[in-house]
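For reference, the structure is listed below as C-alpha cells.
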Amino acid sequence: MLFHSILFYAFSLVLLGAACGVVFSKNPIHSIMFLVLTFFQAAILWLMAEAEFLAIVLVLVYVGAVMVLFLFVVMMLEVDIEAVKKGMSRYTAPALAIAALMTFELINLIWLRSSDEEVGGNFQPLPEGYDNTKALGEVLYTEHVYAFEIAAVVLLLAIVAAITLTMRKRPNLKVQDISAQVAVQAKDRVRIVKMDAEEKS
Amino acid sequence: MGFVVGIWESLDPMLQYVILSTFKILIVTVGVILTVAFSTYFERKVIGGMQARVGPNRVGPMGLGQPFADVIKLLIKEIVVPTASNKFLFVIAPLLSLIPALATWAVMPLHPGFVIADINAGLLYVLALTSVGVYGVILAGWATNSKYALLGAMRSAAQIVAYEIAMGFALVGVLMAAGSLNLGDIIAKQEGGVSNWFLVWLFPLFIVYWVSGVAETNRAPFDVAEGESEIVAGFHVEYSGVAFALFFLAEYANMVLISGMTAIFFLGGWASPFEGWTFLNGIPVLSFLTEPGFHWLFAKICFFMYSFFWFRATFPRYRYDQIMRLGWKVFIPVTIIWIAVEAVAAWANVGPWA
C-alpha cells in the first residue's frame, strides 16, 4: 500500500506541475504539450483507482483526438504574444475573482464529499475478473439508455450544425465530380459519325 | 541448475513478477527491433526482385548484414539541429513517435498464454496508443521551423487522424463479433480453422482496416507525407543521423504492429489455419502445422509485411484529395453499413453470433 501511495503522490505532483505549465508557459504549443501531459497523468491516476475504461478513453479521446486538433489550430494561427500580453493587466482582477470562486467551490465539494461514508478512506479493491468496460456498458444500455441516446442525438446535431456553419461553396469553383468521372462511358466522350466517302472535286 | 531454482524460489513473489515482466518486455522489444531491422532488408530485396534488380548483396552472406551496416552508418552521423528550431521538441519528437509503436506490443498475445499485460480493455488500449503516435509527426514538423516540414506534418497528421476513424469503426465490428475487448478472447473466438476467422464474416472491415493501416503508417501508395516528387521529405526533412533513424524505426515498427493487429483481429493471430486436419498429426514433421503458436502469427505478419512492400512496388501514389475522399466518403460509410449488417446477423443468430 505504501508503494501505491508513493506512486499516487509522484503522479499527482507531475500532474500539478504540468497543469501549472499549461498556465505559465509563454509558447501556446508548450501549453498544449503540458496539457497532454496533464491528461496522461490523470489517466494514470484513474488507472490506479481501477477505472481502466475511463483512463484509456481519456487518452483516446482527449490526447488522441481533441488535443491533436488543438495543436493544428494553434500551429495555423500566428499568435502574437506581445498583443496577448497587452490585455494582461486589464483582465487580471476578474480572472482572479473567477479563479477564487472556482477554488472555493472545489474545496467545498471535496470537503462535503469526504465526509460521506463511501468516499472517505475505505476503498476496497475490485474483485478479480471484474470488467470495468462491461459494467459500464451494462448500465449505459439498460438503466441510462434514454440519456445515452439523447446525448448521441445532441452530438450528431452539433456535428451537422458545425459542418453547415463552416461549409461554404464558392461560386465558379472548379472541382472534380469523381462519381461523374467514374461513371463516364466511351460514348459520352467520343462520337463516331458514319459517313460515306466523298468524291474528289 | 538447482542452485538457480533455489535462488529464484527464495525471492519475493512481487520481485519475481517484476523480473519476469522485465524479461518478457526485453524479449518482445528486442524481437520487434530485430524484425524491423530485417524488414528493411526484406523490403529492398522484395522491391528489387519486382523491379528486376538484385537488391542489397554486398554486406555479409546474401547481403544479410545490410541492416547493421545502415544502423552503424546512421549512428555515427552528426545530428544537425537547426538554429531557429525548438530544441527540446525537436529532440523529443522522434521518441514520441517510437514509444507508442513499441508500447502497443504490451497487449499483443504472441503465443498461447504469452502476453505481457493481459488487460480487459486491450483493444481500447491499442486504439488509444495508435492515436498518440501522431504527436511525433506534428511536433517534428513544427519544431523544425521550416515551411516544408510543417506542410509535410500537416498533410501527414490530417491523413493519420482521418484514417484512425475508419480503423476504429472497423474494430467496433471486430469487438461486436468477438464480444470482448481482450485480444486473447478475440483470438480464442476465432479458433477452429479458417472458416472461423473474422476474415470471412467481416471481409469488408478487413479490407478497410488493412488499407487504413497502410494509410496510417504513411506508406505507399499513401505516402504523401514524404512524397519525393512533391515535397522533399515531409516532416523529417531536417532530421539526420540517429534522429532520422528513430523515425525510420518508428515507421517500420508501426508497420509490423499493423500487420500483427490485422493478423490478430481478422486472421486468428496465433491460431492455425489447419486446425482440425487430424490426418496431419500422423506425419511427425508436419504436426506443427495444426498446432497454434507463435510461428503462425509470425507467418501472418510476414505475409502482411510482404504486401506492404508489394503495394509500394505496384501502385502509383494517391493524390491528396483522393486520399481524403477514400477515407471519409468510402471507408467510413462501408464500416457503418457493415456494423448494421452485423447487428442484423446477430439478431438473426447467424455466423459467429449463433
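Along the charge dipole of the stretch B:135-287, pointing to its positive end and built from +1/-1 on Cβ of Lys, Arg, Asp and Glu, which listed residue (B:Gly179, B:Val200, B:Gly168) has its Cα farthest out?
The listed residue farthest towards the positive side: B:Gly179.
Percent relative contact order of the stretch B:1-143, based on C-alpha pairs within less than 8 angstrom and at least six residues apart? Let's see the in-between values first.
Working: 97 pairs, mean separation 29.1, N = 143.
About 20 percent, as a whole number.
Quick check on the exposure proxy: order B:Ile99, A:Ile44, B:Ile264 from fewest to most C-beta atoms within 10 angstrom. Mind showing how you got there, number by number?
Values: B:Ile99 17, A:Ile44 20, B:Ile264 29.
So the ranking, lowest neighbour count to highest, is B:Ile99, A:Ile44, B:Ile264.
Which of B:Glu164, B:Glu291, B:Glu9 has the fewest other C-beta atoms within 10 Å, and how do the rest follow up to the most? Walk me through the numbers before you get to the answer.
Numbers: B:Glu164 23, B:Glu291 16, B:Glu9 8.
Fewest-to-most Cβ neighbours within 10 Å comes out as B:Glu9, B:Glu291, B:Glu164.
For the stretch B:56-131, which trypsin sites (Lys or Arg not before Pro) are both in a DSSP coil and crowded by at most 16 other Cβ atoms within 10 Å?
Details: sites: B:Arg58, B:Lys73, B:Lys77, B:Lys87; in loops: B:Arg58, B:Lys77.
Answer in residue order: B:Arg58, B:Lys77.
Just how far, in whole angstrom, is the stretch A:40-81 from the stretch B:258-322 if you go by their alpha carbon centroids?
After rounding, the separation between the Cα centres reads 34 Å.
Quick one: Cα centre-to-centre distance for the stretch A:137-153 and the stretch B:28-98, in angstrom?
Comparing the Cα centres of the stretch A:137-153 and the stretch B:28-98, I get a distance of 49 Å.
Which trypsin sites (Lys or Arg not before Pro) in the stretch A:102-201 sit in a loop by DSSP (not H, G, I, E or B) and have at most 14 other Cβ atoms within 10 Å of their own Cβ?
Details: sites: A:Arg113, A:Lys134, A:Arg168, A:Lys169, A:Lys174, A:Lys187, A:Arg189, A:Arg191, A:Lys194, A:Lys200; in loops: A:Arg168, A:Lys169, A:Lys174, A:Arg191, A:Lys194, A:Lys200.
Here the sparse-neighbourhood loop sites are A:Arg168, A:Lys169, A:Lys174, A:Arg191, A:Lys194, A:Lys200.
Divide by every residue of the protein assembly as shown the summed helix terms, -39500 (n - 2.57) for each DSSP H run of at least 4, and state the resulting mean residue ellipticity at 222 nm, rounded to the nearest 500 deg cm²/dmol. It would help to have the intermediate numbers written out before the result.
Details: 24 runs with 357 residues, N = 555.
Mean residue ellipticity, 222 nm, calculated: -21000 deg cm²/dmol.
Based on other C-beta atoms within 10 Å, arrange B:Thr335, A:Thr103 from fewest to most. Can you show the working numbers first?
Working: B:Thr335 25, A:Thr103 10.
Ordered from fewest to most neighbouring Cβ atoms within 10 Å, B:Thr335, A:Thr103 come out as A:Thr103, B:Thr335.
Give me a single rounded figure for B:123-136: the average over its residues of other chain Cβ atoms within 10 Å of their Cβ. Mind dumping the intermediate values first?
Details: counts 2, 8, 5, 2, 5, 10, 5, 2, 7, 8, 1, 6, 8, 0.
Going residue by residue through B:123-136 and averaging, the value is 5.
Taking Rh as the Kirkwood radius, which is the inverse of the mean 1/r over Cα pairs, what is the Rg/Rh value for the protein assembly as shown?
Numbers: Rg = 27.3 Å, Rh = 27.2 Å.
In the protein assembly as shown, Rg relative to Rh is 1.01.
So which GluC sites (Glu not before Pro) in the stretch B:182-271 end up in coil per DSSP with only 16 or fewer other C-beta atoms within 10 Å? Kindly include the intermediate steps, with their values, before the conclusion.
Values: sites: B:Glu191, B:Glu216, B:Glu226, B:Glu228, B:Glu230, B:Glu238, B:Glu251; in loops: B:Glu191, B:Glu228, B:Glu230, B:Glu238.
The qualifying sites are B:Glu228, B:Glu230.
From the residues B:Ala215, B:Gln51, B:Thr278, which one has its Cα farthest along the dipole of chain B in the positive direction, the dipole being from +1 and -1 charges on Cβ of Lys/Arg and Asp/Glu about the Cα centre?
It is B:Gln51, whose Cα lies furthest towards the positive end.
Take B:Asp321 and B:Ile19, extend 7 Å from each Cα along the Cα→Cβ direction, and tell me the distance between the two endpoints in nm.
6.4
Can you give the longest stretch of chain A with no exposed loop site, where a site means GluC sites (Glu not before Pro) in a DSSP loop (not H, G, I, E or B) with at most 10 other C-beta atoms within 10 Å? Display every interim value, and only then the final one.
Numbers: sites that count: A:Glu78, A:Glu117, A:Glu118, A:Glu128, A:Glu143, A:Glu198, A:Glu199.
Free of exposed loop sites, the longest segment is A:1-77.
We did not get these values from a lab; they are worked out from the coordinates using the rules stated. What you see is a predicted model; the values in this text were computed from it and never measured. Glycine gets a Cβ as well: all are built from the backbone with ideal geometry, and neighbour counts include every protein chain shown.
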